[in-house]
1. Could you tell me how many degrees, from 0 to 90 and to the nearest 10, lie between the Cα long axis of helix 47-57 and the main elongation axis, the longest principal axis, of the Cα atoms of the chain?
2. What is the distance, in nm, between label points placed 7 Å from the Cα along the Cα-to-Cβ direction at D51 and at R94?
3. Can you find, among A312, Q344, P355, the residue sitting farthest towards the positive end of the charge dipole of segment 280-396, where Lys and Arg contribute +1 and Asp and Glu -1 at Cβ?
4. Using a Gaussian network for the chain with springs between C-alpha atoms less than 10 Å apart, which of these wobbles most: P125, P92, P165?
5. Would you mind working out the magnitude of the charge dipole of segment 36-123 relative to its Cα centre, with +1 at each Lys and Arg C-beta and -1 at each Asp and Glu C-beta, to the nearest 20 Debye?
6. To check my understanding: the extent here is largest minus smallest coordinate of the Cα atoms along each principal axis. What are those three numbers for the chain, in Å, largest first?
7. Viscosity 0.890 mPa s, temperature 25 °C: what is the translational diffusion coefficient of segment 99-169 from Stokes-Einstein with a Kirkwood Rh over Cα pairs, rounded to a whole number of µm²/s?
8. Suppose all protein chains stay in the model; what accessible area per residue would a 1.4 Å probe give for the chain, in Å²?
Amino acid sequence: MSQDFYRIKRLPPYVIAEVNDMRAAARRAGKDIIDLGMGNPDLPPPAHVIDKLCEVARKPDAHGYSQSKGIPGLRRAQANYYANRFNVELDPEREIVVTMGSKEGLASLATAITAPGDVVLAPNPSYPIHTFGFIIAGATIREVPTTPDERYWKALESAMRHTVPRPTVLIVNYPSNPTAETVDLAFYERLVAWAKENNVYIVSDLAYSELYYDGHPTRSILEVPGAKDVAVEFTSMSKTYSMAGWRMGFAVGNRELIAALTRVKSYLDYGAFTPIQAAACAALNGPQDIVEKNRQLYQARRDVMVEAFGRAGWDIPPPPASMFAWAPLPPALKDMGSLEFSKQLLTHAEVAVAPGVGYGEQGEGFVRIAMVENEQRLRQAARNIKRWFRTMGMNV
């Protein structure tokens, strides 16, 4: 029996899966693929966090259903994080909910607040959940640029003038995945004022809050006075504490949006495994030296990658934040397009990257490079790339 399911019909083929399938096949064939495609941290969580997980998991009463919105201690720990990091006060009861990673949280919020036909403003290029979470919920997406320049503001104004029905939600993601672009507090101040003027909710994805470089800390939209009137923000422990597979995230901010998300989640899940939530408390409340250590490690990888790839003949702008570089295709190979370039790079240089077109049509001409291999492997990737470039007749 064949069915054209409504929501499945709205989902195009996942372009990045093509490269992922090729990578898996190459590894099965015994090839040593240097995987810079998926943003999967290669570093372990702090030892005391793992110890806390094991300690609580041994308790006989720790294996029942947990609280869907998160245990009180974890919500308090997240409130303390915002207070210490951003000087933002949050009510753990009404302004914080624990999510199973920021990705699940974004999708559940979309389910909670979207009616079929609603118009949502989302960046292009963007991480797929920022658009498809709302598309699955029935929304129509109107694209805005990712780069936060004057063209961005003109796109917002045009969207509000010419879109019927008027957009009700705007997605922002800085540091951006995939472009690694960042914004300052002045940008958020202007954005909050715009949202209030136009009666639009802002959904901010701050998953890379602690992966910033060159001494320029990221900012939170909630630092803007009155931002909680219109904004909700998602953060994740995946990159900050190398806990990607633990699926620990948070939504904080606007009480109406948090209440809607909490209510939907109460129907969908019973919350994360209690020992994982307890271990997340240990991460947030314990020593924070791992955060600075990881930041320095990723910055060192960034510098090695930019230098080594540059010597190989591929100039890559150094990202100011995140664990990704947004790399334009080498001019001599630009006509390939990002998908074919990624396939050829995998086949001939044994290096996996993510094609930019997988993040939206405005991502064409770029690839996303994840800094999830050590410095030695990054240099090896550069040597492999240089050999391939030479076979293509490039003067490197």
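1. 50
2. With each label point 7 Å from Cα toward Cβ, the separation is 3.9 nm.
3. Final value for the positive-end residue is A312.
4. Its mean-square fluctuation being the largest, the pick is P165.
5. Values: 9 positive and 10 negative charges, 32 e Å.
So the magnitude is around 160 debye.
6. 61, 57, 56
7. Values: Rh = 12.5 Å.
For the chosen part, D equals 196 µm²/s.
8. Numbers: 17460 Å² over 396 residues.
The answer is 44 Å² per residue.
The values are calculated or read from the model by the stated rules, or taken from the named source; none is laboratory data. Keep in mind it's a predicted model, so treat the numbers as computed, not measured. Here the Cβ is made from the backbone with ideal geometry for all residues, glycine too, and neighbour counts use every protein chain on show. We work out accessible area using only protein heavy atoms, side chains counted, and drop any ligands, DNA or RNA first. Shrake-Rupley method; radii C 1.70, N 1.55, O 1.52, S 1.80 Å.
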